[in-house]
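Working notes for the structure below.
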Amino acid sequence: MFARMVVLLCALIAAGDASAQTAANPAPTKVMIVGTFHLDNPGRDVFNVQVDDVLTDKRQKELAAVAASLAKFAPTEVMVEWPQAQTDEQYASFRAGKLPPSRNEVVQLGFRLAKLRELERVHGIDVQGEFPFDPVKAYASSHGMAPRLDAALAGAGHEVQNLSERVREGSIGSVLRYMNSPERALKNHGFYVDMLRYGDGDTQPGARLVGAWYARNLAICARLLQSLPAGGRAVVFYGEGHAYLLRQCIVEAPGVELVEANDYLPK
C-alpha cells in the first residue's frame with residue numbers, strides 16, 4: 001500500500017513538473033507570409049499582372065486547392081491587405097453567402113481560407129502610405145541617371161510579363177510557389193535598395209522614397225503582431241512587393257517563427 005502511494009505521489013509530481021514546463025515553454029507563435037498578385041486586374045500598379053477570369057471552374061478549383069493546402073498549416077488567424085472595417089463588413093457578408101461574386105485576392109484567398117478554417121474574423125491590417133516617386137524621377141532626369149532608372153523599371157515590367165505568362169500557362173498554385181521563394185523576395189526588394197543611389201548631400205529623394213516604403217511596412221507589421229495571439233498561427237496574404245520586409249519583421253520579432261509558404265502551397 002505504501003509503495004503504491006509513493007508511486008502515485010511521484011506520478012503527480014512528474015505531472016506537475018510537465019505542466020510547469022509546458023507553461024514556461026508555450027507553443028511557438030508562427031506566421032506565414034504569402035506574397036500574392038492581384039487576381040481582379042485592378043490596374044492600380046505601374047505594371048500589372050494580366051489574369052484571366054478567376055471565377056471560371058478551372059481557376060476556382062485551383063484556388064480551392066491553394067486554400068486546402070494552406071489549411072494544413074492549421075492557421076488560427078488570417079490577415080489580409082485591406083483596412084479592418086472593410087474586412088469585417090465584407091467577410092461577414094461572405095460567411096453569410098451574401099457577398100456578390102468577387103475576383104479580389106482578399107476574397108478568393110483570404111476569405112476562402114478563413115471560412116475553411118471556420119474563423120469568425122479576418123484581420124485587415126493594411127496601412128496606406130506615401131510613395132514619393134516623382135522626386136526620384138526628377139533627380140534621375142537632372143543628374144544623368146534616367147537610363148539607370150529606366151532600366152530598373154523595364155526590369156520590373158519584364159518580370160510582370162513573365163508572371164502573366166506563368167498565369168496563362170500554369171495553375172495559380174504554381175505561380176504562387178514561384179513568387180514565394182525567399183530568393184525572389186530578396187531580389188524584388190533590391191529595387192528599393194537601389195533607389196538609395198538617387199541623391200547627394202542634403203538632396204535625398206531616393207532615401208525619402210525608401211523611408212516611406214519602410215514606414216508603411218513597419219506599420220503593417222505592427223498591426224500584424226498586435227493581432228497575433230501567443231501561440232497563434234497566422235497566414236498573411238499581401239502583395240509580393242511587401243513580402244521581404246514583412247518576412248524580415250517576423251524573423252526579427254521575439255517569440256515569433258516564420259513559416260515558409262512553399263512548405264504548404266500546392267505544386
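The values are calculated or read from the model by the stated rules, or taken from the named source; none is laboratory data. Quick caveat, the model's predicted, so the values are computed rather than measured. No Cβ is skipped: glycine too gets one built from the backbone with ideal geometry, and neighbour counts run over all protein chains shown.
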Residue ranges of helices (runs of 4 or more DSSP H) in region 104-212 with at least 1 members over 24 Å from Pro83 (Cα atoms) and aromatic (Phe, Trp, Tyr): 134-142, 172-179, 182-194
Could you look through region 110-127, keep only residues that are in contact (Cβ under 8 Å) with a residue 40 or more places away in the chain and not hydrophobic (A, V, I, L, M, F, W, C), and pick out the one that is farthest from Val78 (Cα to Cα)? Asp126
Could you please find all residues in region 151-180 being charged (D, E, K, R) and within 17 Å of the chain's Cα centre (by Cα)? Arg177
Do we have Val193 as among the aliphatic types (A, V, I, L, M) and touching a residue at least 60 places away in the same chain (Cβ under 8 Å) here? no
Filter region 167-190 for residues that are among the hydroxyl-bearing types (Ser, Thr, Tyr) and touching a residue at least 24 places away in the same chain (Cβ under 8 Å); the one that is farthest from Ala140 (Cα to Cα) is Ser171
Can you tell me which residue within region 250-266, out of those that are surrounded by fewer than 21 Cβ atoms within 10 Å (Cβ to Cβ), touching a residue at least 12 places away in the same chain (Cβ under 8 Å) and among the hydrophobic types (A, V, I, L, M, F, W, C), is farthest from Asn188 (Cα to Cα)? Val256
Every listed condition ((1) surrounded by fewer than 18 Cβ atoms within 10 Å (Cβ to Cβ); (2) in contact with a strand residue (DSSP E or B) (Cβ under 6 Å, 6 or more places away or on another chain)) holds for Ala215 save (2)
Consider only pairs whose beta carbons are under 7 Å apart and that are at least six residues apart or on different chains; among these, list those whose first residue lies in region 221-240 and is closer than 16 Å to Leu258 by Cβ and whose second residue is among the small types (Gly, Ala, Ser) and part of a loop (DSSP other than H, G, I, E, B). Leu225/Ala253; Gly231/Ala27; Arg233/Ala74
Condition test on Pro205, is it farther than 28 Å from Glu62 by Cβ and buried (at least 19 other Cβ atoms within 10 Å of the Cβ)? yes
Which of the following residues is in contact with a Lys or Arg (Cβ under 8 Å, 6 or more places away or on another chain) and surrounded by 14 or more Cβ atoms within 10 Å (Cβ to Cβ): Glu159, Glu77, Glu105, Glu81? Glu77
Unique match (being among the hydrophobic types (A, V, I, L, M, F, W, C), buried (at least 17 other Cβ atoms within 10 Å of the Cβ) and under 20 Å from Val236 (Cα atoms)) among Val54, Val31, Val49: Val31
Test each condition in (1) modelled with pLDDT under 70; (2) surrounded by 12 or more Cβ atoms within 10 Å (Cβ to Cβ); (3) among the hydroxyl-bearing types (Ser, Thr, Tyr) for Ser19 and report the one that comes out false. (2)
